[in-house]
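Right, one structure below, let's go through it.
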Amino acid sequence: MSKMIYKKRDKCTPELLRQLSEKENVFFRFHNPYRRLSSRSKSWEMGYESELEAIREGSIVLEGKSCTKEAKDLMEFEHAFDSSYVVLAFEGWDTGQTGHDGEIVATYYKKVKCFNYEDFVKCFDYIDWNWQYIDQI
């Protein structure tokens, strides 16, 4: 088995997530903790294990990683992930491209915070067709 890259988990609160969301170049993504991110990281559709597999199948590979600008927007993709993932808040740059599911694609510069999947999800509730921070309900 590979070595876990993102081991240290930060405390996750709605207040911290809002503060990070307000920072200009901070983005959020669900991420496999065994895969290292770098400024050369790329995105391809989730059904593929690698860039090469995606290319062989005719899928588009994008420069940068799929993400959202606001933490609560990441919850729109929560159904596709589970507790084996972490949530990364990272500094990056919006590439101006749109991902395969309509999300932002950003170049990764550095990790800001790493949260447990469960702790992140517990910060939200789905009310009136929108994700809301639990401390604003």
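The values are calculated or read from the model by the stated rules, or taken from the named source; none is laboratory data. This is a predicted model, so every value here is computed, not measured. Cβ coordinates were reconstructed from backbone atoms using ideal geometry, including for glycine residues, and neighbour counts include every protein chain displayed.
Considered as a group, the residues in the stretch 1-41 that are among the polar types (S, T, N, Q), closer than 22 Å to residue 79 by Cα and modelled with pLDDT of 95 or more include one that is surrounded by the fewest Cβ atoms within 10 Å (Cβ to Cβ), and that residue is 13. Here is the figure for the stretch 15-61: residues that are of a type in the set (A, V, I, L, M), over 15 Å from residue 114 (Cα atoms) and in a helix (DSSP H, G or I) total 3.
Here the condition is being in contact with a His (Cβ under 9 Å, 6 or more places away or on another chain), farther than 20 Å from residue 135 by Cβ, in contact (Cβ under 8 Å) with a residue 60 or more places away in the chain and β-branched (Val, Ile, Thr); of 112, 86, 105, it holds for 86 alone. One residue alone among 73, 94 is surrounded by 13 or more Cβ atoms within 10 Å (Cβ to Cβ) and part of a strand (DSSP E or B), and that residue is 94.
Are any residues in the stretch 42-72 out of contact with any Ser or Thr (no Cβ under 6 Å at 6 or more places or on another chain), closer than 30 Å to residue 126 by Cα and modelled with pLDDT under 90, and if so, which ones? Hits for the stretch 42-72 are 46, 47, 48.
Cβ contacts < 9 Å: first residue modelled with pLDDT under 95, restricted to the stretch 115-134; second residue among the charged types (D, E, K, R) and part of a loop (DSSP other than H, G, I, E, B), any location; separation 6+ or different chain. Result? Short answer, once both residue conditions are applied: 134/122. Could you say whether any residue in the stretch 124-133 is in contact with a Gly (Cβ under 8 Å, 6 or more places away or on another chain) and assigned to a strand (DSSP E or B)? No: the stretch 124-133 contains no residue that is in contact with a Gly (Cβ under 8 Å, 6 or more places away or on another chain) and assigned to a strand (DSSP E or B). Taking each residue of the stretch 38-62 that is within 15 Å of residue 95 (Cβ to Cβ) and looking for partners that are assigned to a helix (DSSP H, G or I) with beta-carbon atoms closer than 7 Å, six or more apart or interchain, yields 42/51; 44/51; 44/54; 61/51; 61/54; 61/55.
So is residue 80 at pLDDT below 95, at negative phi, of a type in the set (Gly, Ala, Ser) and within 12 Å of the chain's Cα centre (by Cα) or not?
Details: at pLDDT below 95: yes; at negative phi: yes; of a type in the set (Gly, Ala, Ser): yes; within 12 Å of the chain's Cα centre (by Cα): yes.
Taking the combined requirement at face value, the residue satisfies it.
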